[in-house]
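Have a look at the structure that comes next, please.
The values are calculated or read from the model by the stated rules, or taken from the named source; none is laboratory data. Given the structure is predicted, the values throughout are model-derived calculations rather than measurements. Using ideal geometry, Cβ is built from the backbone for each residue, glycine included, and neighbour counts are taken over all protein chains shown.
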Amino acid sequence: MQVAAQSWEELAAMRNRIALTLVFTLSFLSFTAQELTLSLQLLPLILFAALVFLKVIWSDSILKAVGSLFDFDGLLYVFFLSAFIVGPSLVSSYDKSPAFSVFLCLCLILARLYMAVVPIPEVLEAYFWSGMLCMGIFIPLAFGGFLQSVTTFERFSPFSFHPNLLGFLLAGYFCVMAWKLMTGGWQLRILAGLVSSICLVVIFFASSRSAIVAIVAGCAFIIVMEFSRAQSQQRRKFVRIGFLVLAVLLSGIVLLIQNSERAYNVFNFFDQVLQLTNKEYRGVGTGFSGRLDRWQQVLRVFSVGKFLIGRGIRYVDLSES
C-alpha cells in the first residue's frame, strides 16, 4: 500500500510538473506568432489558473494555501501590493491601465496559492524543462533571421518579440540553466551549458543591454552571497578561482592591446552590435534610447506627491510635456 501510494504521489508530481512546464512554454512561444492576439496572451494564464484550481482547490492543502494569503508576506506582497496597483490604475488616464493591474494581481494571487503547496525546486525544474523545450523550438524557427542579424549587425527581433523582451526571457532561462549546472547530473549539465551559451549569444545579438547588465549584476550578487555563506576553506577556494579568472582576463586584455588593429576590430564589433556610440538612436549621447528622459519624468512625479501610489500601470506610456 505504501509503495502504491508513493507511486501515485510521484505520478501526480510528474503531471503537475508537465502542466507547469506547458504554462511556461506557452508564455514564451505565444510571442512566436506573427500577430500577438489577446487570446494567445491569455491562454497561459487560463492554463495556470486551471492548474492552481486542480492542485490547490481539489487538494487537502486548500486551507494551507488560502491561509498563506493572510500570512505577513502574503498580505504584503499580494493584497497590499494589489491595492496599490489597482487603486491608481482605476483612475489612470491610460485606458488599458485597469486591465493590466487586474491581470497582474490575479497572477500574484494564483502564484501565491500555488507556491504554498509546491516547493520551489519543483517550479525551477519545470522552468528548466520549459527553457530546453522553448529553445529547441525557437532556434530552428528563428535561425534564418538570426544569421541575418549576425551578418548585418541588425538588431535581432524575431516574430512578435521586442528585443528587450526576448533578452529578459532568455536571461531568466539562463539563470535556471545556471542552477541546473550547479545541481544536475553530468548529462543535464552538458545540455544546460549548451542552452545557457545559446541564450547569451541570442541576448547579445538582440542587443539587449539591460538584460546583459542584469545577468552580470545577478551573477555578482550570487557570488557575493555564496562567498559570505562559505566557510573559511571554501572562501580560499573562491579567492583562488577569482584570481585565476582575473589573471586570464588580464592576459587576454594585454594580448589584445598589443595588437591595436585586433583591439579596434573587437571594439568595433561590440559597438556595432550593442550600438554604444550610435548618435541617432541608442548610443550614450542619446540618453540610452531616451531612458534618461523617462527617468527624469519619473522623478518629477515626486514633486506632485504621488510617488507612493503612482498613477497606474503603464502610465508612463503616455507622453508628457
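Which condition does LEU147 not pass, out of (1) part of a helix (DSSP H, G or I); (2) modelled with pLDDT of 85 or more; (3) within 23 Å of the chain's Cα centre (by Cα); (4) among the aliphatic types (A, V, I, L, M), if it passes all the others?
Status for LEU147: all satisfied but (3).
Next question. Say whether the condition of being exposed (fewer than 14 other Cβ atoms within 10 Å of the Cβ) and within 25 Å of ILE18 (Cβ to Cβ) is met by at least one residue in segment 75-97.
No, because not a single residue in segment 75-97 is exposed (fewer than 14 other Cβ atoms within 10 Å of the Cβ) and within 25 Å of ILE18 (Cβ to Cβ).
Right, another one. Residues SER59, SER39, SER30: which one is under 21 Å from the mean Cα position of the chain (by Cα) and either buried (at least 18 other Cβ atoms within 10 Å of the Cβ) or over 30 Å from GLN187 (Cα atoms) (or both)? Explain how you work it out, then say what you get.
Working: SER59 fails: under 21 Å from the mean Cα position of the chain (by Cα); SER39 fails: under 21 Å from the mean Cα position of the chain (by Cα).
Result of the check over SER59, SER39, SER30: SER30.
If we scan segment 214-226, do we find a residue that is touching a helix residue (DSSP H, G or I) at 6+ places or on another chain (Cβ under 7 Å), within 27 Å of SER149 (Cα to Cα), surrounded by 12 or more Cβ atoms within 10 Å (Cβ to Cβ) and of a type in the set (A, V, I, L, M, F, W, C)?
Yes: one or more hits.
I'm checking my understanding of the structure. Among residues of segment 205-215 that are assigned to a helix (DSSP H, G or I) and within 15 Å of the chain's Cα centre (by Cα), which one is nearest to PHE153 (Cα to Cα)? Break it down into steps so the answer makes sense when it comes.
To start, the set of residues in segment 205-215 that are assigned to a helix (DSSP H, G or I) comprises 205, 209-215.
Next cut, within 15 Å of the chain's Cα centre (by Cα) only: 209-215.
Numbers: ARG209: 15, SER210: 18, ALA211: 18, ILE212: 17, VAL213: 20, ALA214: 22, ILE215: 22 Å.
Out of the qualifying residues, it is ARG209.
Given (1) in contact (Cβ under 8 Å) with a residue 12 or more places away in the chain; (2) surrounded by 15 or more Cβ atoms within 10 Å (Cβ to Cβ); (3) under 20 Å from CYS175 (Cβ atoms), where does ALA111 come up short, assuming only one miss?
(1)
Is it fair to say PHE174 is crowded, with 16+ Cβ neighbours inside 10 Å, in a helix (DSSP H, G or I) and out of contact with any Phe, Trp or Tyr (no Cβ under 9 Å at 6 or more places or on another chain)? If you could, list the steps in order and put the result at the bottom.
Working: crowded, with 16+ Cβ neighbours inside 10 Å: yes; in a helix (DSSP H, G or I): yes; out of contact with any Phe, Trp or Tyr (no Cβ under 9 Å at 6 or more places or on another chain): yes.
Against the criterion (crowded, with 16+ Cβ neighbours inside 10 Å, in a helix (DSSP H, G or I) and out of contact with any Phe, Trp or Tyr (no Cβ under 9 Å at 6 or more places or on another chain)), PHE174 qualifies.
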